[in-house]
Amino acid sequence: MMKKIARYVIVLTAILVLFSGKGFSEEQGYIEYVIKKGDTLWDISGVNLTDPFLWPKIWKENPFITNPDLIYPGQKIKIPKEVLQRQIELPLEEEATKERESVVAKKSPVEAAPEKKAISIQPKEVPVIDAYAIASAGFIKKEIPEVAKILSNPEGRTLLAEYDTAYIKVLKGGPSVGRMFYSIRPLGEIEHP
């Protein structure tokens with residue numbers, strides 16, 4: 001007995017789902033448009049929907065169009081009324097605003113605004129070359145003062161890069177805590193070309 005009731009419920013649900021979709025599509029409705037030479041979905045939506053960016057809605061409602069760039073004269077396409085109704089409602093609002101704009105207000109006396117003092121703004125100095133380009137160009141000096149020595153790092157690596165953590169021993173006159181500085185190693189003599 002329960003199996004029969006379950007079957008009836010399933011069949012009834014399937015029928016309702018199938019026919020409810022059909023009812024909605026008939027309710028929505030379409031306008032049929034015959035494509036002319038030189039038409040594109042962009043142009044059609046621009047003229048009929050007053051917004052060319054709605055062309056995907058026309059394409060969606062016409063599944064036989066596999067490529068929206070390939071539409072041909074004589075083809076009949078459907079333009080959904082739902083989108084047209086939205087476009088038709090907008091001009092009514094525009095007319096109402098035009099009527100409101102035509103009302104003339106009485107002019108009131110204008111009071112002079114208090115004088116404002118001019119403030120001069122100094123332009124921010126922009127360096128000719130950025131700091132990274134200067135740092136990557138190299139460092140040339142006869143003697144490099146030794147201010148600290150790298151002892152190790154938490155990962156135990158021998159190669160370190162920018163923003164890696166390193167434990168250092170600060171020598172006399174070295175950098176203070178929290179400061180950033182460059183680590184330089186001598187490469188040898190440089191010859192002028």
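The values are calculated or read from the model by the stated rules, or taken from the named source; none is laboratory data. Everything numeric in this text was worked out from a predicted model, so none of it was measured. Glycine also receives a Cβ, built like all others from the backbone with ideal geometry; neighbour counts cover every protein chain displayed.
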Would you point out which residue out of Ile44, Ile58, Ile88 is surrounded by 10 or more Cβ atoms within 10 Å (Cβ to Cβ), part of a helix (DSSP H, G or I), in the same structural domain as Ile31 (by TED's automatic domain parsing) and modelled with pLDDT under 85?
Ile88
Modelled with pLDDT under 75 and outside any strand (DSSP E or B) - does that describe any residue in the stretch 65-83?
yes
Looking at the stretch 155-186 only, could you name the residues that are surrounded by 10 or more Cβ atoms within 10 Å (Cβ to Cβ), β-branched (Val, Ile, Thr) and out of contact with any Leu (no Cβ under 8 Å at 6 or more places or on another chain)?
Val170, Ile184
Every residue in the stretch 118-154 that is within 23 Å of Val177 (Cα to Cα) and either at pLDDT below 85 or surrounded by 10 or more Cβ atoms within 10 Å (Cβ to Cβ) (or both), please.
Ala131, Tyr132, Ala135, Ile144, Pro145, Glu146, Val147, Ala148, Lys149, Ile150, Ser152, Asn153
Residue among Gly156, Gly174 that alone is touching a strand residue (DSSP E or B) at 6+ places or on another chain (Cβ under 7 Å) and either aliphatic (A, V, I, L, M) or part of a loop (DSSP other than H, G, I, E, B) (or both):
Gly174
